[in-house]
Amino acid sequence: MFLKDLIGKKVLSHDGKLLGYSRAAIFSANFRRIVALLCADEDEEDFLFPLSAALSVGDALIMPRRPSAKSEGRTYSPLLKQVYTVQGKFLGCVSDLRLEKMKIIAAVLDDKELPADKIKAWGDCLLYDPAPKTARARRQRGEEKEPTAARPVILLGRTLRHDVKKSAEETLFAKGTRITPAVLRAAALHKKLVELTAKTLSE
């Protein structure tokens, strides 16, 4: 279902009486769900359709009874809002929202959909963070196991006591090299971390 599918629908009472038409959505505080629809009756008076009280959401919206209170709450429409990455790159404008059980799954642009959990701000514009999850975040969610060996931070600041060879003819790190985070990363990249550790701590 899409947001546009909810706008302009007939709103009926349980006995089939026409109460009005839906015209806008009211979102939760974090803009993750649609909690109600703002509707108008034949006299253009607004009333609220709480989705939690809906008897049916289909080709028409069925309410248990005619609302007695005027609309209250915050309406918000992200349609036509500009979308930027958190780095400031313009991605396009929102043409719709994809919904699942009234939860926002994605913002729809002309040529793509952006997952809602990566949209970091909903305001005058939308800010999208396309960065993948960090290894730490994946481990916290149980998606990736902790590395079996700890980083050899004990080596930082020490001096390499013997050459570490990249190949028989090429030296990767020369004797006397100071161990820095960059050296550790390079050693890990070349699968020379164990050798680096041994040749740094050896007498």
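The values are calculated or read from the model by the stated rules, or taken from the named source; none is laboratory data. Here the structure is a predicted model, which means the values were calculated and not measured. Counting neighbours? That spans all protein chains shown, and the Cβs are built from the backbone with ideal geometry, glycine included.
Out of curiosity, is Asp163 in contact with a Ser or Thr (Cβ under 8 Å, 6 or more places away or on another chain), surrounded by 11 or more Cβ atoms within 10 Å (Cβ to Cβ), under 28 Å from Val83 (Cα atoms) and at pLDDT 90 or above?
Criteria not met by Asp163.
Within the stretch 8-17, how many residues are touching a residue at least 24 places away in the same chain (Cβ under 8 Å) and not polar (S, T, N, Q)?
Residues in the stretch 8-17 being touching a residue at least 24 places away in the same chain (Cβ under 8 Å) and not polar (S, T, N, Q): 6 in total.
Keeping to the stretch 37-82, report how many residues are in contact with a Phe, Trp or Tyr (Cβ under 6 Å, 6 or more places away or on another chain), modelled with pLDDT of 80 or more and under 27 Å from Cys125 (Cβ atoms).
Summing the residues that are in contact with a Phe, Trp or Tyr (Cβ under 6 Å, 6 or more places away or on another chain), modelled with pLDDT of 80 or more and under 27 Å from Cys125 (Cβ atoms) in the stretch 37-82 gives 1.
In the stretch 121-148, what residues are aliphatic (A, V, I, L, M) and either modelled with pLDDT of 55 or more or assigned by TED's automatic domain parsing to the domain that holds Phe31 (or both)?
Ala121, Leu126, Leu127, Ala131, Ala137
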